[in-house]
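Reviewing the structure listed below.
The values are calculated or read from the model by the stated rules, or taken from the named source; none is laboratory data. If you're wondering where the values come from, they're calculated on a predicted model, not measured in any experiment. We place every Cβ from the backbone using ideal geometry, glycine too, and count neighbours over all the protein chains shown. Side chains included, ligands, DNA and RNA excluded: accessible areas come from the protein's heavy atoms. Shrake-Rupley method; radii C 1.70, N 1.55, O 1.52, S 1.80 Å.
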Amino acid sequence: MSHNSFGHLFRFTTWGESHGPAMGAVVDGCPPGLALSEGDIQPFLDARRPGTSRFTTQRREPDAVRILSGVFDGRTTGTPISLMIENVDQRSKDYSDVAKAYRPGHADYAYDAKYGFRDYRGGGRSSARETAARVAAGAVARLVIPEATITAWVESIGGDAIDPANFDAAEIGRNPFFCPDAAAAARWEALVDGARKAGSSLGAVVACRAEGVPAGWGAPLYAKLDAELASAAMSINAVKGVEIGDGFAAASLSGEANADPMRPGAGGPEFLANHAGGIAGGISTGQPVTLRVAFKPTSSILTPVETIGPDGQATTIATKGRHDPCVGIRGVPVVEAMVALVLADQKLRHRGQVG
């Protein structure tokens, strides 16, 4: 299986399977001399870790990261940084039915069609567990971009959205949904509980904002910052859509309504709007970089669904085991990580091109 790496100058490769002995990432291109320890990575993994509330999968994984290379005396050496996260709570027997039938909406059939062979235990590489390695790599990327502050949150679950008037950034860390609206978080408790008890699942939209990104990162045409952010977000398991700035809503606006007017400011232009999401012509403008990411409902559900088996015969499947009733909830730290990885790479490429 190829294509397990992402990035150019700051590049990472993930490895491992959901039910293998471990997951991990190799980060290459990190500048030397940056202070790095497991303690710098662990808080981000803890945010993504399963089993932290009844609203996520009850798989119990400590997700404790180990740095195997690339760090000496507490600082990066400029050589590849190898990160490992052991799997300790696999229950492969839960997937005996998945070996006999494809889960509709999951990658089971597509993997079989491509490779003629698949690891059905938890979905192998198609499992959302792969994202733990991305979050670990993203923690390293944040060291490269100290000027940027990246914050993501859940904007809606099952079509029930937050009220922008109630947005409170401090609220994001106070509830299990990464929700900035306390009233919405209270509603989502019943919503997600209901889906879980019904043996079903819900989709979600995750929004992300990166502040402090200076003007000039990115490049026209084939290295656009927005294109690479979209690619990074779309590479996350269960993501089916990405919007930069106003996204699809921009198609309903007039030219003057969609414009981001500028006035002279003390340190550069002062923007009066940010419909473009902080990116113009593929290059950052100095405004906050904003995007929204759509996660589909989890495909592993207890509700029986029509499908076929590897023999092509009709059957039904109801997936047993421990699964997220809304995978988008734990997608918040993953989206943050992918944004950090793109920005770190773009910063180094910008420095390499213009000094």
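Data table
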{"read-out": "Some residue of region 337-355 being under 28 Å from Ala110 (Cα atoms) and not aliphatic (A, V, I, L, M)", "value": "no"}
{"read-out": "Single unsatisfied condition, Ser2 versus (1) in a loop (DSSP other than H, G, I, E, B); (2) among the polar types (S, T, N, Q); (3) under 16 Å from the mean Cα position of the chain (by Cα)", "value": "(3)"}
{"read-out": "Strands (runs of 3 or more DSSP E) contained in region 233-347 and holding at least 2 residues at pLDDT 95 or above and open to solvent by less than 60 Å² (accessible area, probe 1.4 Å)", "value": "239-244, 289-295"}
{"read-out": "Residue within region 70-91 that is of a type in the set (A, V, I, L, M), out of contact with any Gly (no Cβ under 6 Å at 6 or more places or on another chain), part of a loop (DSSP other than H, G, I, E, B) and at pLDDT below 85 present", "value": "yes"}
{"read-out": "Residues being crowded, with 16+ Cβ neighbours inside 10 Å and of a type in the set (S, T, N, Q) - total across region 145-178", "value": "3"}
{"read-out": "Tally, over region 5-47, of residues that are in contact (Cβ under 8 Å) with a residue 12 or more places away in the chain, closer than 14 Å to Leu83 by Cβ and out of contact with any strand residue (DSSP E or B) (no Cβ under 7 Å at 6 or more places or on another chain)", "value": "3"}
{"read-out": "Whichever residue in region 179-214 is part of a loop (DSSP other than H, G, I, E, B) and open to solvent by less than 40 Å² (accessible area, probe 1.4 Å) and, among such residues, is farthest from Ala141 (Cα to Cα)", "value": "Gly199"}
{"read-out": "Any hit, region 129-140, residues being modelled with pLDDT under 90 and either open to solvent by 40 Å² or more (accessible area, probe 1.4 Å) or not polar (S, T, N, Q) (or both)", "value": "yes"}
{"read-out": "Options Gly33, Gly39; residue that is over 29 Å from Pro176 (Cα atoms) and either modelled with pLDDT of 90 or more or within 22 Å of the chain's Cα centre (by Cα) (or both)", "value": "Gly33"}
{"read-out": "Pairs with Cβ under 6 Å, 6+ apart, first in region 310-334 and more than 19 Å from Asp46 (Cβ to Cβ), second of a type outside the set (A, V, I, L, M, F, W, C) and part of a helix (DSSP H, G or I)", "value": "Lys320/Asp94; Gly321/Asp94; Pro325/Arg196"}
